[in-house]
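This structure is in structure tokens; I'll ask about it shortly.
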Amino acid sequence: MFDVRCFSLSLTALLFVLVTSCSKEKPTNPEVKTTNATSVISTNPAAVNGPRPLQFPKDEGVHSLTDYPFEWWYLNSQFTDVAGKKYSFVFSTFSTGRHLVSLYDKSGDSARAKDYYESVKADENKLDLTSITGDWKQTAEPFAYNFKYDYEGVTVELKLKATKKPFLPGENGFVAMGEKGTSYYYALTDLTLIGTLKNGSNQPPVQIIGSAWMDHQWGKWDWINDFHQWKWYSVKLDNGVDLMLFNLYKNKKLLNSHCGYIDAKNNQVHNLPCELVTKQFFTDERGGKWQKEVDLEFSSLPNTKLTLISEKDEQFIEPFVLWEGSMKVTGSFKGTSVKGTAFGELNRPD
């Protein structure tokens, strides 16, 4: 097991906090279009030797902090309890010990979030994460997991199982991170979810059922010099298509755009040109403008356009710095009307 002691934060972890807490950019106007950028990584010095193939289950475990200073395991989920109440839940843990958690009670229109550090033990050969507030462990079955989170009155216990093979952004799971950085990256875009939720210290646990999306990313980059801002969306459509858009920016210039999807039959499409069009903003208490409604437009997919709308404006994990929100999706995919759910992650206002 690999033991990470977060109470003596590494310089890289400190840089992450500093960068994500930087001052706001000037607000932009509605109807903002973002032109697609390349996802090619061959010009990155760190990628001269090219990527290696991902190996499972070994690459589900932790990697060397020296070689890969940044690594996290991330889960977003949508589920319903036996009474019909709907929720979204986000959990992310970093190899440095940072934990980001958010629970949104859609029926009660209330959201709670936590951002904290604690020691994490992680296995080098499989997904096996343990900390004081919970654990996330791989079962004997490939891409199936037992998950538990228990902290300050919220207890979530889940059984997760992937219905699709790993989605590999960039075709091989190796992507550019700004000007010089690179990252390995895979996603399990469609996990079945059953379990229990306890929302409040005095509340009994209730049965829940739903679906989830998991990301695992590790790499090496410079939060200050390689890029300043990112916009990330995971989209799950009712036709079985799961789509991801991951844009990285520096000084408001789009440097990398990683876009692709996996369909119900496990067919994957990568390096997909996608234009991100902001249709509506909401303004936080400090005057920062955040995307509330966006369109995803695809020049290479005929009759395809998706509209993503936030279900609640105030879904911050780190107030005014990191927004991680559930969204509703409508639109068309190759000429057929679709609906779905999505999550957006934005690290600073426009």
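Can you tell me the equivalent ellipsoid semi-axes for the stretch 267-350? Use √(5λ) from the Cα gyration tensor, largest first, whole Å. Could the numbers behind the result be given before it?
On the way: eigenvalues 138, 31, 27 Å².
They are 26, 12, 12 Å, listed largest first.
Continuing with the same structure: Going down the list Lys252/Lys312; Lys161/Lys328; Lys165/Lys250; Lys161/Lys252; Lys164/Lys339; Lys137/Lys236, which pairs span over 27 Å between their C-alpha atoms?
Pairs exceeding the cut-off: Lys165/Lys250; Lys161/Lys252.
Evaluate the relative contact order of the chain (contact order divided by residue number), counting alpha-carbon pairs under 8 angstrom at least 6 apart; express in whole percent.
After rounding, I find 17 percent.
Moving to a separate point now. Restricting to DSSP H runs of at least four residues, report the calculated mean residue ellipticity at 222 nm for the chain, -39500 (n - 2.57) per run over all residues, nearest 500 deg cm²/dmol.
Values: 1 runs with 10 residues, N = 350.
Using -39500 (n - 2.57) per qualifying helix, the result is -1000 deg cm²/dmol.
Assuming a viscosity of 0.692 mPa s and a temperature of 37 °C, what translational diffusion coefficient in µm² per second does Stokes-Einstein assign to the chain, Rh being the Kirkwood radius over Cα pairs? Don't skip to the end; give the middle numbers.
On the way: Rh = 20.5 Å.
In µm²/s, the coefficient rounds to 161.
Show which aspartates and glutamates lie in cross-link reach of Lys86 when reach means a straight Cα distance below 15 angstrom and same-chain residues fewer than eight apart are skipped.
Excluding near neighbours in sequence, the set is Asp105, Asp109, Glu311.
For a footprinting-style exposure proxy, rank Arg286, Arg98 by other Cβ within 10 Å, fewest first.
Ranked by crowding around the Cβ, least crowded first: Arg286, Arg98.
Still on this structure, please answer the following. Give the order of Asp135, Asp350 when sorted by the count of other beta carbons within 10 angstrom, beginning with the fewest. Provide the component values of the computation, followed by the final result.
On the way: Asp135 17, Asp350 20.
In order of increasing Cβ crowding within 10 Å: Asp135, Asp350.
With the contact rule set at Cα under 8 Å and sequence spacing of 6 or more, what percent relative contact order holds for the stretch 49-126?
Working: 128 pairs, mean separation 23.8, N = 78.
Here the relative contact order equals 31 percent.
Under a straight-distance cross-link criterion of Cα-Cα below 17 Å, which aspartates and glutamates are reachable from Lys334, leaving out those fewer than 8 residues away in the same chain?
Correct list for Lys334: Asp238, Asp242, Asp263, Glu275, Asp295, Glu297.
Springs between alpha-carbon pairs under 10 angstrom, Gaussian network model over the chain: which of Glu141, Glu324, Glu124 fluctuates most?
Largest GNM mean-square fluctuation: Glu141.
Follow-up. Which cross-chain or sequence-distant (5 or more) residues have an amide H under 5 Å from the amide H of Thr96, H modelled 1.01 Å from N in plane?
Glu71
Same structure again: Using a simple charge model, +1 on the beta-carbon of Lys and Arg, -1 on the beta-carbon of Asp and Glu, nothing else, what dipole does the chain show about its Cα centre, in debye to the nearest 20? Let's see the in-between values first.
Working: 39 positive and 42 negative charges, 100 e Å.
In debye, rounded to 20, the chain gives about 480.
To continue, here is another question. Ranked by Cβ crowding within 10 angstrom, fewest neighbours first, how are Tyr68, Tyr185 ordered?
Working: Tyr68 18, Tyr185 24.
Ranked by crowding around the Cβ, least crowded first: Tyr68, Tyr185.
Read-outs throughout are calculated quantities, based only on the coordinates presented, and are distinct from any laboratory measurement. Keep in mind it's a predicted model, so treat the numbers as computed, not measured. Heads up, the Cβs are rebuilt from the backbone with ideal geometry, glycines too, and the neighbour counts pull from every protein chain shown.
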